[in-house]
Amino acid sequence: MSETPPKKRNHGRAADKAQISLVLPATLLVKLDKLAKKKNPRKLNRNEFLVTQLQTLVDQIEAGKKATKKEDPTQSE
């Protein structure tokens, strides 16, 4: 009798996604939940809301770095 190889588990996530665990202060979590209720017209769940906000923040930071580089060509990442 031959053994079958173990199944690869993806836990339902897309191949381009990764799961992380995050510990937040309770006060920050309360603030994030309040913000999500105010500024979440698509009614995303907490995780989806945080992901979209983080992506926006990263995009803004990267855009700022690019703008700074254009002003000062001696700056590097």
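Things to note:
- Applying the condition of being modelled with pLDDT of 90 or more and surrounded by fewer than 12 Cβ atoms within 10 Å (Cβ to Cβ) to segment 37-59 and asking which residue is farthest from the chain's Cα centre (by Cα) yields Asp59.
- Top-ranked residue of segment 60-77 - restricted to ones that are surrounded by fewer than 10 Cβ atoms within 10 Å (Cβ to Cβ) and of a type in the set (Asp, Glu), ranked as modelled with the highest pLDDT: Glu71
- Residue match in segment 28-36 (condition: surrounded by fewer than 10 Cβ atoms within 10 Å (Cβ to Cβ), part of a helix (DSSP H, G or I) and modelled with pLDDT of 90 or more): yes
The values are calculated or read from the model by the stated rules, or taken from the named source; none is laboratory data. It should be emphasised that the depicted structure is a prediction, and the values quoted were computed from it without experimental measurement. Because the Cβ atoms are built from the backbone with ideal geometry, glycine has one as well, and the counts that use them run over all protein chains shown.
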